[in-house]
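Have a look at the structure below before the remarks.
The values are calculated or read from the model by the stated rules, or taken from the named source; none is laboratory data. What you see is a predicted model; the values in this text were computed from it and never measured. Using ideal geometry, Cβ is built from the backbone for each residue, glycine included, and neighbour counts are taken over all protein chains shown. Just the protein is used for accessible areas: all its heavy atoms, side chains included, with ligands, DNA and RNA removed. Shrake-Rupley method; radii C 1.70, N 1.55, O 1.52, S 1.80 Å.
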Amino acid sequence: MLDNREMKRSFLSAQVDVSKFNASNFEKATDDEKRQQDVMGESTTFFKDGMRRLRKNPLAMGSIVVLVAIILAILIAPHFVPYSYDEVITVNGQRDKTMTNLDFMCYSDKELAYMEETGEDLFPHIFGTDGLGRDYFIRVIYGTRVSLAVGVVAALMVVLIGIIYGSVAGYFGGKIDLVMMRIVDIIYSLPDMLIIILLSVVLKEVLAGKLAGTVFSRLGTNMISMFIVFGLLYWVSMARLIRGQILTIKNNEYVLAAKCIGTPNRKILTKHILPNCLSVIIITTALQIPSAIFTESYLSFLGLGVSIPLSSLGSLANDARAGMQSYPARLVIPAVIICLIVLALNLLGDGLRDAFDTKLD
């Protein structure tokens, strides 16, 4: 009776046709043949891989070019234009009434006469002037600067609050998560516009005269109330996204290993969990900035934004409504810039999502 080893040998010999092989089939592979089997990709990082994908997206790269051009314009133009955003332009100490009627004209009548008399060249009014005789180009430049600054600061504030709140709720879970998420549900139900109006009225009464001489005096109570509302209401979407990511990540083996060796919760969150949420943070931040800019613009358009004489794109559009039929360019220019900024940031956000969200592969 055959044992198991002999049965296996007889079975294999019956299945394999050894006549197909010769000694050359069992020679060692050469170095060239070994190198042909190397299929390993180039070593890279998460950020480098994401940027490589982003550079292949023409819409995202075009959006970056538009945003860089706008940022360079608002940073460089004030150094060359000799007017300020609140300066009522006069010639030889006298104001010309025709200055308030300029619409894409280089000079007023008095400026032309002054240049002809003195031979001195004056800087042209590229976009004309507004209804009070202020250079409209420099007001658009400063308005764009204010809108971008408000949008970026508000978005970063919203992202920071949302990350902290969502991290705590998702990591600790249980009753803490239950209570914190019910607070989020309540905040979702609050009307943000009504709260901004109420805060503006209340802060005007409370802070009247107290902001003088401080950094916040130029912002005004409307802008301060807007930042407060952003900090109170607009972080809830970010908190929910971060919470969902952490609920998925916190059950991984490396998080359990970190807990077993006694790693503090704060270090687990900052070193092991949040870095794995980086794609969501980058994408949400990029999409939050245009939302904040648009919110600031329509609030300023309604008169709830920046205070006079400081301007933003929304307040410039609001000021241009009175002369919309006579001087439509005053309304078109800030509206076009708002559209360009918001569209470019949204396209860039979509490109970042496609580049950094590995789940889309």
**Request:** Quick one: in the range 69-102, of everything that is at pLDDT 85 or above and open to solvent by 70 Å² or more (accessible area, probe 1.4 Å), which residue is farthest from the chain's Cα centre (by Cα)?
**Result:** Phe80
**Prompt:** Just one of Ile183, Ile176, Ile161 is of a type outside the set (D, E, K, R), under 14 Å from Ile281 (Cα atoms), surrounded by fewer than 22 Cβ atoms within 10 Å (Cβ to Cβ) and at pLDDT 85 or above; which is it?
**Reply:** Ile161
**Request:** Could you grab me the full set of residues in the range 103-122 that are modelled with pLDDT of 70 or more, among the hydrophobic types (A, V, I, L, M, F, W, C), part of a loop (DSSP other than H, G, I, E, B) and open to solvent by 70 Å² or more (accessible area, probe 1.4 Å)?
**Result:** Cys106
**Request:** Being free of Cβ contacts under 8 Å to residues at least 60 places away in the same chain and not β-branched (Val, Ile, Thr) is the filter here, so list the residues in the range 123-142 that pass it.
**Result:** Phe123, Pro124, His125, Leu132, Gly133, Arg134, Asp135
**Message:** Just to verify a result, which residue in the range 223-267, among those that are closer than 30 Å to Ser307 by Cα and of a type in the set (Gly, Ala, Ser), is least open to solvent (accessible area, probe 1.4 Å)?
**Reply:** Ser225
**Request:** Considering only the range 274-361, give the helices (runs of 4 or more DSSP H) lying wholly within it that have at least 1 residues that are at pLDDT 80 or above, farther than 22 Å from Phe137 by Cα and of a type in the set (Ser, Thr, Tyr).
**Result:** 278-301
**Fill in**
Selection over the range 143-158 where residues are in contact (Cβ under 8 Å) with a residue 12 or more places away in the chain and surrounded by fewer than 20 Cβ atoms within 10 Å (Cβ to Cβ) yields a count of 4
**Complete:** His272 passes all but one of the listed conditions (1) of a type outside the set (Ser, Thr, Tyr); (2) open to solvent by less than 20 Å² (accessible area, probe 1.4 Å); (3) in contact with a Phe, Trp or Tyr (Cβ under 7 Å, 6 or more places away or on another chain); the exception is number (2)
**Fill in**
Of the residues in the range 192-209, those that are at pLDDT below 70 and surrounded by 12 or more Cβ atoms within 10 Å (Cβ to Cβ) number 2
**Asked** Residues of the range 51-92 being out of contact with any Leu (no Cβ under 8 Å at 6 or more places or on another chain), in a helix (DSSP H, G or I) and not basic (Lys, Arg), which ones?
**Response** Met51, Pro58, Val65, Val68, Ala69, Leu72, Ala73, Leu75, Ile76, Ala77, Pro78, His79
**Request:** Residue by residue through the range 220-260, note down the ones that are aromatic (Phe, Trp, Tyr) and either touching a Gly at 6+ places or on another chain (Cβ under 8 Å) or without any contact (Cβ under 8 Å) to a residue 60 or more places away in the chain (or both).
**Result:** Trp235, Tyr254
